[in-house]
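Colleague: Quick one: this structure, given as structure tokens, is what I'll be asking you about.
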Amino acid sequence: MGPNITPGGVLSNYNANQFVSFMRSGMTPDGRQVDGVEMPWLEYRHQSDDELQALYTYLSSLEALPDYE
């Protein structure tokens, strides 16, 4: 099972700028480098700022599910 990327999970740790930075670098706001298998940021890093902002906006609009980790 993958991480909870709704506002009730890991997304709550990110603002929009941190999310875009993470999607480009694979580095979490707390300084942890994620594995490209865990999160395919190597693929997402090629998206434009507008595309990544739209993804953040969409994920932020989802129902906040409880974090199960």
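Every read-out reported here was derived from the displayed coordinates using simple, explicitly stated rules and does not represent laboratory data. Note that this is a predicted model, so its numbers are computed, not measured. As a convention, Cβ positions derive from the backbone with ideal geometry for all residues, glycine included, and neighbour counts pool all protein chains shown.
Colleague: Please work out the FRET efficiency for the pair residue 27 and residue 48, using the Cβ-Cβ distance as r and a Förster radius of 22 Å; give the result to the nearest 0.05.
Modeller: It comes out at approximately 0.65.
Colleague: Of 17, 39, 28, which is farthest along the charge dipole of segment 1-53 in the positive direction, counting Lys and Arg as +1 and Asp and Glu as -1 at C-beta?
Modeller: Selected residue: 28.
Colleague: Also, quick follow-up: Applying a 10 Å radius around every beta-carbon, put 38-47, 59-68 in order of their mean neighbour count, most first.
Modeller: Descending mean neighbour count gives 38-47, 59-68.
Colleague: May I ask for the net charge around residue 53, where only other residues with Cβ less than 15 Å from the Cβ of residue 53 are counted and Lys, Arg are +1 while Asp, Glu are -1?
Modeller: -1
Colleague: Using only Cα positions of the chain, each an equal point scatterer, no hydration layer, compute I(q)/I(0) via Debye at q = 0.16, 0.18, 0.26, 0.28 Å⁻¹ and quote the log10 values to two decimals.
Modeller: The Cα Debye sum returns log10 ratios of -0.51, -0.66, -1.33, -1.44.
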